[in-house]
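Read the structure below first, then the notes.
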Amino acid sequence: MASTKLLYLSLLAQVATSQSQPPGVTAPLARTCGPTSADVVCIDRYASIMPYHFFRAPSEGSTDVSFAQTSVPNDTSFGLVAGADFLVFDQQRGLDVLGPSPTLDLVFNVSLAVHEAPVYVPSLNKLFLSQLSPPDGFLPQLVVDLNQDPPTLSEFLSDPPVYAPNGGTFHDGLIYWGVSGGNNSIGGTEQRSGVRTLDPHTNKSVTLLNNYFGFYFNTVDDLFVDSTGAVWFTDPQYSWFNRLTDTPPQLESASYRFDPATGAVTMIDDTLVQPNGIALSPDGKNVYISDTGSETGSIIAGGPPGSPFNQTGPRAVFKYDRVDNGTHITGKRPLFYAQDWVPDGLKVAANGYVVTATGPGVDVLDEFGVLIVRIQTSFIVQNFAWTGTNLTEMWLVGQGGIARVRWNLKGQDLTNPTS
Ligand SMILES: *[C@@H]1O[C@H](CO)[C@@H](O)[C@H](O)[C@H]1NC(C)=O
Ligand SMILES: *[C@@H]1O[C@H](CO)[C@@H](O)[C@H](O)[C@H]1NC(C)=O
Ligand SMILES: *[C@@H]1O[C@H](CO)[C@@H](O)[C@H](O)[C@H]1NC(C)=O
Ligand SMILES: *[C@@H]1O[C@H](CO)[C@@H](O)[C@H](O)[C@H]1NC(C)=O
Ligand SMILES: *[C@@H]1O[C@H](CO)[C@@H](O)[C@H](O)[C@H]1NC(C)=O
Ligand SMILES: *[C@@H]1O[C@H](CO)[C@@H](O)[C@H](O)[C@H]1NC(C)=O
Ligand SMILES: *[C@@H]1O[C@H](CO)[C@@H](O)[C@H](O)[C@H]1NC(C)=O
């Protein structure tokens, strides 16, 4: 009887101890690991059990939202997270992605305007990208010349000029732009949201699509071209929130497939609040679309501009299966809930890993949505593109910066698409 009571008391004592810190807390949560060419930090077991008291403040209205800002006073190793170029969550696959000598360099400081639509043109070894306003009505695009050492950045004006490309890809020798803005007097001409191409050798731009049965698209945002030449794009409503168009949305937020051979536009999804990035797997079987609906705004004429961030709003990447002879998608399921900000730019690496720009960095996921590596930057990244003959360099573009990553993760070869 007495011994049973003693056992009971000692069990109680154990429970009391384990309530102050949960069992399984591993220390350190973070440690320096891997190659020394960059600041690489490995996170143990996704930091899935943190010692109390920890807290990550919500990021209402702020872009200062990083995982690194989590306060974990009882594990000082967590302080390593803030300074890392690369955070490795899956050590085996993560260090493989980084390769023997990964680097992350901020190559250009740019304005705080949104920088988007990075497209690599192999035949010129140049990276084209866009800058949205401000300044108001800004028409040129930007070009990074990778033939120069160090690379140079200059403005580029196509013929005729194209206002506000927000997404871009390369297909069959042409840059395809998702053009997001609309106005009756941009550069003296009328332009409406849609799909346009640029021949990077002649500088000529051509309009492929500028309406849906007479309605303006809201914000053709991001796109890819499949092997049949069909253009898949998202059409959220940001251009109205950001006043890059003079007309409030006439269409619901949706995603479409456009066949330039026939002119037909077919809706493929209308379930996302603000569909944003869109990408195709290398085998052509899956389409990924991100929802950045936690940044949304008023679509009413005369309503307030802007799209304030809502911490508990939608901000996930979704995965779909291609069906109907490759013309539609089904089987929508969440792939990854962004751990930072919203999943903006979205592309799939040659090996099928899904890469998405989320806040001040870029996340690399496996095809089932497990986070492998995060690149951490000092600026909000909108989008990224692989460059170089081996496609093992990746350029990140965003608000305030253009950065270059060198690592082992190859991009899909858009000049020789497999899907
Ligand atoms: C650290 O953990 C101990 C228990 O292990 C706890 O008493 C203390 O309050 C914790 N410190 C902080 C700052 O949370
Ligand atoms: C960018 O700006 C920062 C802060 O002013 C400066 O330290 C850095 O050298 C600049 N980098 C480049 C590539 O211009
Ligand atoms: C069209 O865009 C230009 C440049 O942003 C702006 O100055 C002008 O006011 C816009 N026009 C309309 C009707 O919104
Ligand atoms: C295209 O534009 C670039 C940059 O402005 C210029 O160097 C090049 O000569 C132009 N090409 C043609 C064919 O006009
Ligand atoms: C934020 O999003 C959640 C989930 O969609 C919604 O319930 C809530 O009302 C939103 N908050 C604001 C301030 O819009
Ligand atoms: C299916 O797609 C292929 C490739 O685009 C095309 O050649 C074929 O005609 C399509 N089949 C049908 C039934 O539409
Ligand atoms: C591309 O890969 C080949 C074979 O691995 C290598 O020899 C070459 O140096 C690489 N080129 C660049 C620019 O990294």
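Charge dipole of the stretch 103-406 (Cα centre as origin; +1 on each Lys and Arg Cβ, -1 on each Asp and Glu Cβ, all else neutral): 180 debye, rounded to the nearest 20.
Taking a ≥ b ≥ c as the square roots of the eigenvalues of the Cα gyration tensor of the stretch 166-207, is the shape rounded (a/c under 1.5), prolate (a/b larger than b/c) or oblate? Here the stretch 166-207 falls in the oblate category. Taking a straight line from the alpha carbon of Lys319, these lysines sit under 19 Å away, with near neighbours fewer than eight places off in the same chain left out: Lys285, Lys332, Lys347.
In the chain, a dipole from Cβ-located charges (positive for Lys and Arg, negative for Asp and Glu) runs towards its positive end, and of Leu251, Leu414, Ser101 it is Ser101 whose Cα lies farthest in that direction. Once a ≥ b ≥ c are taken as the square roots of the eigenvalues of the Cα gyration tensor of the stretch 106-211, is the result rounded (a/c under 1.5), prolate (a/b larger than b/c) or oblate (a/b not larger than b/c)? In terms of gyration-tensor shape, oblate. Sites listed here are trypsin sites (Lys or Arg not before Pro) in the stretch 153-256 whose DSSP assignment is loop and whose Cβ has at most 16 other Cβ atoms within 10 Å: Arg243.
Taking every DSSP beta bridge that has both residues in the chain, what percent is antiparallel when rounded to the nearest 5? So the antiparallel bridges in the chain amount to around 95 percent. Nearest 20 debye, what's the magnitude of the dipole of the stretch 129-278 about its Cα centre given +1 on Lys and Arg Cβ and -1 on Asp and Glu Cβ? Using only the charged Cβ atoms, the result is roughly 220 debye. Remark: accessible surface ordering of Glu367, Glu116 (largest first) is Glu367, Glu116, probe radius 1.4 Å. Taking Val121, Val195, Val72 in turn, the Gaussian network model of the chain (Cα-Cα springs below 10 Å) assigns the largest fluctuation to Val72.
Please build a GNM for the chain, connecting alpha carbons under 10 Å apart, and tell me which residue among Ser59, Ser290, Ser154 fluctuates the most. Among Ser59, Ser290, Ser154, the largest mean-square fluctuation in the Gaussian network model of the chain belongs to Ser154. In the chain, Cα pairs under 8 Å separated by at least six residues give a relative contact order of 14 percent. Pairwise Cα separations in the chain fall into 20 Å bins from 0 onward with the following percentages, short to long: 27, 55, 15, 4, 0.
The relative contact order of the stretch 267-419 comes to 17 percent, based on Cα pairs under 8 Å that sit 6 or more residues apart. With a 10 Å cut-off between alpha carbons and a GNM built on the chain, which of Arg56, Arg374, Arg404 moves the most? Answer for the Gaussian network model of the chain: Arg56.
Taking the Cβ of Ala27 as the centre, find all other residues whose Cβ is under 12 Å away and add up their charges (Lys, Arg: +1; Asp, Glu: -1). That sum, taken over residues with Cβ under 12 Å, equals 0. Helix content alone sets the calculated 222 nm mean residue ellipticity of the chain: runs of n ≥ 4 DSSP H residues at -39500 (n - 2.57) each, divided across all residues, give -2000 deg cm²/dmol.
The values are calculated or read from the model by the stated rules, or taken from the named source; none is laboratory data. Since we're looking at a predicted model, the values are computed, not measured. All Cβ positions, even for glycine, are placed from backbone atoms using ideal geometry, and neighbour counts span all protein chains on display. Areas reflect the complete protein model, heavy atoms only, side chains present, ligands, DNA and RNA absent. Shrake-Rupley method; radii C 1.70, N 1.55, O 1.52, S 1.80 Å.
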